[in-house]
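Before any comments, here is the structure.
The values are calculated or read from the model by the stated rules, or taken from the named source; none is laboratory data. Predicted, not measured: the structure shown is a model, and the values here were computed from it. When we count neighbours, we look across all protein chains shown, and the Cβ atoms used for this are built from the backbone with ideal geometry, even at glycine. Heads up: the accessible areas ignore ligands, DNA and RNA and are worked out on the full protein's heavy atoms, side chains in. Shrake-Rupley method; radii C 1.70, N 1.55, O 1.52, S 1.80 Å.
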Amino acid sequence: MSRSAKGTVEEPGRNVAAKSGLNKSILDQGWGMFRRMLEYKQRWRGGEVIAVNPRYTSQTCPECGHVSKNNRPQQALFSCIACVYTYHDDVVAARNILALGHRERLNACSAR
Ligand SMILES: [Zn+2]
């Protein structure tokens, strides 16, 4: 459904920009629906969903907090240039997102 309309060199596609916008809209709907279902299921089970800004979560060292795009020497590798902490980049991003979620939760609790 969201396949690119670029075509090939021999047969270039038509309305590529319009199709690109439609694809983005379709994919955004998918994430929106996923989030609504996740929130529904969490409410049903007595849990909650905490949304955090994912910005820099794959460039931030979870050990020392140093932020740099140079912490990513390869696609799937995180290696902190400040403290040499090294791990898989997905795990590093997950740790940072979890920490942000805990921070959001603490801020929400202290604001009550
Ligand atoms: Zn570090």
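Observations on the structure shown:
- Residue list for the range 44-63, filter: out of contact with any Cys (no Cβ under 7 Å at 6 or more places or on another chain), within 16 Å of the ligand (Cβ to nearest atom) and either closer than 18 Å to PHE34 by Cα or not polar (S, T, N, Q) (or both): TYR56, PRO62
- Looking only at residues in the range 78-90 that are away from the ligand (no atom under 12 Å from the Cβ) and under 17 Å from TYR56 (Cβ atoms), the one that is farthest from the chain's Cα centre (by Cα) is ASP89.
- Cβ-Cβ under 6 Å pairs, at least 6 apart or on other chains, the range 76-89 side open to solvent by 70 Å² or more (accessible area, probe 1.4 Å), far side more than 11 Å from the ligand (Cβ to nearest atom): ILE81/ASN70
- Qualifying residue in the range 51-68 (condition: hydrophobic (A, V, I, L, M, F, W, C), touching a strand residue (DSSP E or B) at 6+ places or on another chain (Cβ under 9 Å), open to solvent by less than 80 Å² (accessible area, probe 1.4 Å) and not in a helix (DSSP H, G or I)): yes
- Complete set of residues in the range 39-50 that are open to solvent by less than 60 Å² (accessible area, probe 1.4 Å) and among the small types (Gly, Ala, Ser): GLY47
- Test: GLN29 is among the polar types (S, T, N, Q), assigned to a helix (DSSP H, G or I) and open to solvent by 100 Å² or more (accessible area, probe 1.4 Å): yes
- Condition broken by ASN71, with the remaining ones in (1) within 16 Å of the ligand (Cβ to nearest atom); (2) in contact (Cβ under 8 Å) with a residue 24 or more places away in the chain; (3) open to solvent by less than 60 Å² (accessible area, probe 1.4 Å) satisfied: (2)
- Among the residues of the range 91-110, not one is among the acidic types (Asp, Glu) and over 17 Å from the mean Cα position of the chain (by Cα).
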